[in-house]
Amino acid sequence: MHVDCRIHRRLGNQSNSIMLTRRGIAVSPGVVSGSAMVLGAEDFRIPQRFVSVDVVETEVSRFHAALEAACDELTENENIATEQLGRQYGAIFSAHQQLLKDPKLVEEIDSLIREKCYSPEYASSRVLKQHARVFRNLESPYLAERAHDLYDLEKRLLKQLLGESREELSHLTEPVVVLAHNLTPSEAAQLNTKFVRGFATEAGGRTSHTAILAGALEIPAVVGVGDFLADVSGGETIIIDGTHGEVIVDPDE
């Protein structure tokens, strides 16, 4: 949730450009500036809701193969985070893996595929989003933030099932400031600090795993800014003030 929004018009400038200052939650200190890399909310297009009865068992097998691949990816993330940041950060991904392999959750998805002939993509998305909504509606901010972990798991499964992923973050060649609706813990853990100077997200809270990882990586970060991506163009100069929780778009001198 954003706390403040101030717009300062720069006078005497022929382009009549606007400096936009937004406030959010400071989660990792430091002040950086750079060119904006704007990541939209990544929504995977689920190609079909139902499958034919005669391929149900094949689709169940495809779901379990994707599940194993996602767990292997989590193990890799756990090892990287443990090696680079410490065991307590690797434990985040260990917890994700335990959640993804939870027998009740797996059985729910299996049942939707077998009994309702839902596609693995639709069944996985439906079950994980339902559980995420439960967490999101809890009064405890800490538990509410766990909804983002479930969205992360949904993305992992859909990536394996559909072969889609957000590759931009792993192929950066020049310094940027990352702006996104939200970053999953996996994406935050894989940020290349050589090129990512800082990040700001519309969603998120102080207790989110993304916020915790930002502090561990020592990347200035602000979360919970509220809707602001529509006001930003890729390549615009951005200042991230992770100490005071400010994001400045197109700053003046």
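Derivation of every value follows stated rules applied to the coordinates shown; laboratory data play no part. Every value quoted in this text rests on a predicted model; they were computed, and no experiment measured them. Positions of Cβ are generated from backbone atoms using ideal geometry, with glycine treated the same way; all protein chains shown enter the neighbour counts.
For segment 53-162, averaging the sequence separation of C-alpha pairs within contact (under 8 Å, six or more residues apart) and dividing by the residue count gives a relative contact order of 29 percent. The modelled label-to-label distance between T173 and K129, using points 7 Å beyond Cα along the C-beta direction, is 3.7 nm. Within the shell defined by Cβ-Cβ distances under 14 Å, the residues around L138 carry a net charge of 0, with Lys and Arg each +1 and Asp and Glu each -1. Once the C-beta distance of R87 and Q190 is scaled by a Förster radius of 22 Å, the resulting FRET efficiency is 0.75 to the nearest 0.05. Rounded, prolate or oblate for segment 53-162? Axes are the square roots of the Cα gyration tensor eigenvalues, ordered a ≥ b ≥ c, and the cut-off for rounded is a/c under 1.5. It is oblate, given that a/c is not under 1.5 and a/b is not larger than b/c. Taking the chain as the region of interest, the number of lysine pairs whose Cα atoms are within less than 17 Å, with members eight or more places apart or on different chains, is 6. Helix content alone sets the calculated 222 nm mean residue ellipticity of the chain: runs of n ≥ 4 DSSP H residues at -39500 (n - 2.57) each, divided across all residues, give -14500 deg cm²/dmol. Counting neighbouring Cβ atoms within 10 Å and putting the fewest first, the residues V31, V196 line up as V31, V196.
Using alpha carbon coordinates only, what is the Rg to Rh ratio of the chain, with Rh defined as the Kirkwood radius? Result: Rg/Rh = 1.02. Counting only alpha carbon atoms, the long axis of helix 56-84 and the longest principal axis of the chain meet at about 40°.
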